[in-house]
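Here's the structure we're looking at; comments come further down.
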Amino acid sequence: MYLENMKSTKSLNSIKKDFPILNRQINGHPLVYLDSAATSQKPQAIIDTLVDYYKNHNANVHRGIHTLGDESTKMYDIARQTIAEFIGASDKKELIFVRNTTEAINLVAYSWGRENIKSGDEILVSEMEHHSNLVPWQMLAKEKGAVVKFINVTPEGKLDMEDLKRKLNPKTKIVSVVHVSNFLGTINPVKEIAKIIKEFQIATSKTPRNDEKRPLIFIDGAQAVPHMPVNVKELGCDFYAFSGHKMYGPMGIGCLWGKKELLEEIPPFLTGGGMINTVSKDKTTFTDLPDKFEAGTPNVAGAVGLAAAVKYLQRVGMKTVREHELELTKYALEKFKVQSSKFKINIYGPMNAEERGGLIAFTLRLRSGQAGKEVHGHDVAQVLDSQGIAVRSGHHCVMPMHDKLGLAATTRVSFGIYNTKEDVNKLVEALKKI
Ligand code: PLP
């Protein structure tokens, strides 16, 4: 079957060779790609998997009884099983294919939220959320007359756990936080958050506005699943979302994992073909999980490609991935301390690399001339691009946290499995030219 040839282990030493795009020259320089938090590059094995799917197996799933339809359906099912096992789900039916993390959050805000949120209820997010994990909750709150509250972020860029405890109350219906911040880099203590919430659930289960299932806990894992071992059951959350394109898989495919009993309880998000049992002129009944949440023709090639990406990551090993990116982050944080006589680098988020994922957002301030003046992130990114180095600048879809820090924009470097210390050296040399 299509994942069979992806079993042997893979060393990180020569991994760059697997990524054809990394052979490109950009503005006369070899590409140094430091924007994996926005999207990762794709290894040849994943590109080949997509080509093979379309060349040899393409057909719609769960329909027509012909060989290609059967092959495609099997590949789609194996993809679901592979990805479900990768994140420690106990049942592949708990894994819903969506387009991306954003769609997964919208699905829950829509389907669960519209059934369960009432006027006066509270939705608790943190100040470091990506807009994807804020705007859908804001829309829901506006529609229902509920309130979105924010867990404070400490000056060190960490979640204020005491503030979480203070803000939990019987009106809190869901707590939705990011696993790894795409701006501060902070790895949030999801397991501890889940434990605090569980204890709160038990303590308040008899109050009229609550029951032992509330508040639920939703985790935005977009920046975690590609970079470290994740086991949704061990974390103790209710929902978990991630995107395929950030983990070496194709664009347009992502996953929502949810506890089976919750997914069974809530109504579908989108409706139409592929998710019904019976339809009459006045009534429709829906299929079981996971099809109930996958209306219309799914992105089969995307799912198959994402499963290939999972196999690829498993060949490297998620512990190895984390260790590699941690080492690069430590190295970069050290290098950033060796600063130019012309400017000072301010780094945001925890200064201890162990507490952060493989990304660093920073600003540059000039020392002399226009002393104290900040170089705009776009200028930094442009100068780096002229030397073949791809980084991101702006608010990274985390405007509230930038506002809190009084920042209009930052520059962000983010690592993937293909990055090396040599890439960091090139970055630091290029920064000196600014
Ligand atoms: N959440 C976090 C933490 C992210 O970093 C991103 C994307 O950068 C998203 C959510 C949204 O991901 P997508 O655009 O794939 O839906």
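Starting with the highest mean, order 321-329, 251-259 by the number of other Cβ atoms within 10 Å, averaged over the residues of each peptide.
251-259, 321-329
Near L216, the amide H atoms lying under 5 Å from its own belong to I174, V175; only residues 5 or more places off or on other chains count, and H is placed 1.01 Å from N. Backbone geometry of the stretch 166-174 corresponds, through the Karplus equation with coefficients 6.51, -1.76 and 1.60 at θ = phi - 60°, to 3J(HN,Hα) couplings of 5, 7, 5, 8, x, 7, 6, 9, 8 Hz, x marking Gly and Pro.
Based on alpha-carbon atoms, the Kirkwood radius and the radius of gyration of the stretch 348-434 give Rg/Rh equal to 0.96. Between the listed residues T172, W137, T154, the Cα displaced farthest toward the positive end of the dipole of the stretch 127-184, a dipole computed from Cβ unit charges relative to the Cα centre, is found at T172.
Considering only A332, L366, P350, and ranking their Cα positions along the charge dipole of the stretch 329-370 that arises from unit charges at the beta-carbon of Lys, Arg, Asp and Glu, the one farthest toward the positive end is L366.
Would you mind working out the magnitude of the charge dipole of the stretch 153-194 relative to its Cα centre, with +1 at each Lys and Arg C-beta and -1 at each Asp and Glu C-beta, to the nearest 20 Debye? That gives a dipole near 260 debye.
What are the membrane-span-like helices in the chain by this rule: whole DSSP H runs, Cα extent along the axis at least 24 Å, mean Kyte-Doolittle hydropathy at least 1.6? Intermediate values should be presented prior to the final figure.
Values: long enough: 67-86 (28 Å, -0.47); 300-316 (25 Å, 1.14); 318-337 (29 Å, -0.89).
Both cut-offs are met by no helix.
Panel note: the C-alpha atoms of the chain, placed on their principal axes, show extents of 74, 56, 34 Å (largest first).
How would you rank 243-249, 103-109, 354-360, 263-269, highest first, on the average number of other Cβ atoms within 10 Å across their residues? Numbers along the way, then the final one.
On the way: 243-249: 28.0, 103-109: 25.3, 354-360: 23.3, 263-269: 18.0.
Those peptides, ordered most packed to least, come out 243-249, 103-109, 354-360, 263-269.
Computed extension length for H376-K167: 71.6 nm, one decimal, from 0.36 nm per residue of separation with the Cα-Cα distance subtracted. Rounded, prolate or oblate: which one fits the stretch 219-307, using the alpha carbon gyration tensor with axes a ≥ b ≥ c (rounded when a/c is under 1.5, else prolate when a/b beats b/c, else oblate)? Oblate, since a/c reaches 1.5 and b/c is not below a/b. The distance between label points at K433 and M399 comes to 3.4 nm (points 7 Å beyond Cα on the Cα→Cβ vector).
Hey, can you rank 374-387, 303-316 by average C-beta count inside 10 Å, highest first?
So the order, starting with the most tightly packed, is 303-316, 374-387.
Distance from the Cα centre of the stretch 139-191 to that of the stretch 388-410, in angstrom? About 20 Å separates the Cα centre of the stretch 139-191 from the one of the stretch 388-410. Would you mind classifying the stretch 119-187 by shape? Square roots of the alpha carbon gyration tensor eigenvalues, ordered a ≥ b ≥ c; an a/c under 1.5 is rounded, otherwise it is prolate if a/b is larger than b/c and oblate if not. It comes out oblate by the Cα gyration axes.
Considering every Cα-Cα pair within the stretch 58-173, what fraction, in whole percent, is farther apart than 23 Å? More than 23 Å apart: 51 percent of the Cα pairs in the stretch 58-173. The amide H of F343, built 1.01 Å from its N in the peptide plane, has R367 as neighbours under 5 Å, considering only residues 5 or more places off or on other chains. Cα gyration tensor of the stretch 312-384, axes a ≥ b ≥ c as square roots of the eigenvalues: rounded (a/c below 1.5), prolate (a/b > b/c) or oblate? Prolate, since a/c reaches 1.5 and a/b exceeds b/c. Under the convention that each Lys and Arg Cβ holds +1 and each Asp and Glu Cβ holds -1, the size of the dipole of the stretch 69-127 around its Cα centre is about 120 debye.
Only helices enter this figure: runs of n ≥ 4 DSSP H residues, each worth -39500 (n - 2.57), summed and divided by the residues of the chain, yield -10000 deg cm²/dmol at 222 nm to the nearest 500. Taken about its Cα centre, the stretch 235-318 carries a charge dipole of about 340 debye when Lys and Arg each add +1 at the Cβ and Asp and Glu each add -1 at the Cβ.
Values quoted throughout were computed directly from the atomic coordinates according to the rules given, and no laboratory measurement underlies them. Given the structure is predicted, the values throughout are model-derived calculations rather than measurements. Please note: Cβ atoms are built from the backbone with ideal geometry, for glycine as well, and neighbour counts cover all protein chains shown.
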